[in-house]
Structures are given as structure tokens and as C-alpha cells.
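Here is the structure we will look at.
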Amino acid sequence: MNVNSNWIWFALASAFFAALTALFGKLGVAGINSNLATLIRTVVILAVTAGIITLRGEWQRPAAIGAASWLYLVLSGVATGLSWLCYYRALQLGPVSKVAPIDKLSVALAIVLGVVFVGETLTWPVALGGALIVAGSVVIIAF
């Protein structure tokens, strides 16, 4: 593993911010509708992302984006929205220490989907890591 690869640092940052998402989300949904909480979160994400794109000068004309990209980004947005709605409701109803690990089963599912639909190679380390994530989630949920 090349530790100097930029993607690794972004992935580690993603994990850190996802952990904060779980903590702040659990605290934020206390006493309000989980769907409203998701809307508030989404508006904040929109504002932050638009600000970053503006500061970096990365705006593009929508017509310059291909149809396939539009389709998959819209589908990804729908999936993300549904995931967030379910996640916030789960956080409202259950402990963050159990909700977050169950949510992270998405890693194992993403491995399978990557192999099946994108043609990624399933290596022993990836398969073992995915299995360990599943096993860890099961242990946390069961006890």
C-alpha cells in the first residue's frame, strides 16, 4: 500500500467525518423529526459544497456533463437521500454505537457491487476485510 496516495488521505478523512456525522447526527435528531433533520443536513451540505466549488472555480455548464453521468449522479443522489433518511431515523431510535456499525455494512455491500457491476477484482485481502467488517458488525449488534 502506497501511503502517499492522495485517495488514502481523503478516505481516512471521510471515515473521520463519517464518525463525526454519526455523533452529531445522534445529538441533532433528539427532539425533532428525523426527516426534517435530514433536510437541514442536506441544505448545509449543499451550501458547503457550493462554497467549495466557488472558491476553487470548479463550476461547469450542466450541458457539458454527459447523459450517463447525469443518470448515475441522480441515482446516486436518490440512494444517498434514502440512506440518510433511514440513517437518521435509525439514530433517533437506536444507539449510535450499534447504528453506525450496521451502516458500515455498506462497505461490504459496496465490495460485492463493485465486483458484480463494475468488474473490480475481488482479492483475498479485500474479501477478508469485507468479511471482517461483516463479522465485526454482527458481534456489535449481537452483544
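We did not get these values from a lab; they are worked out from the coordinates using the rules stated. Just so it is clear, the model here is predicted, and its values are computed rather than measured. Here Cβ is always computed from backbone atoms with ideal geometry, including for glycine, and neighbour counts include all displayed protein chains.
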Residue-count net charge about Val99 - beta-carbon cut-off 13 Å; Lys, Arg +1, Asp, Glu -1: +3
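Indicate the helices, whole DSSP H runs only, in the chain that combine a mean Kyte-Doolittle hydropathy of -0.5 or more with a Cα extent along their long axis of 30 angstrom or more. Intermediate values should be presented prior to the final figure.
Values: long enough: 6-28 (32 Å, 1.31); 34-56 (33 Å, 1.51); 67-93 (39 Å, 1.00).
Membrane-span-like by this criterion, though nothing is claimed about a membrane: 6-28, 34-56, 67-93.
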The distance between the Cα centres of segment 59-91 and segment 113-136, in whole Å, is 24 Å
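Using the Cα centre as the reference, give the magnitude of the dipole from point charges on the C-beta atoms of the chain (Lys, Arg: +1; Asp, Glu: -1; all else neutral), rounded to the nearest 20 debye. Spell out each step's value before the answer.
Details: 7 positive and 3 negative charges, 57 e Å.
Using only the charged Cβ atoms, the result is roughly 280 debye.
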Would you mind computing, in nm to one decimal, how far apart the modelled labels at Ala63 and Val44 are, each placed 7 Å from Cα along Cα→Cβ? 3.8 nm
Modelled label-to-label distance, Leu93 and Phe24, 7 Å Cα→beta-carbon offset: nm? 2.5 nm
For log10 I(q)/I(0) by the Debye sum over Cα atoms at q = 0.15 Å⁻¹, one of [x] -0.66; [y] -0.72; [z] -1.05 was computed from the structure I shared and the rest are decoys. Which label? [z]
What's the FRET efficiency of Phe17 with Ile141 using the Cβ-Cβ distance as r and R₀ = 30 Å, to the nearest 0.05? 0.80
Taking the dipole of the chain about the Cα centre (Lys, Arg +1; Asp, Glu -1; charges at Cβ), the one of Phe143, Asn6, Gly114 that reaches farthest to the positive side is Phe143
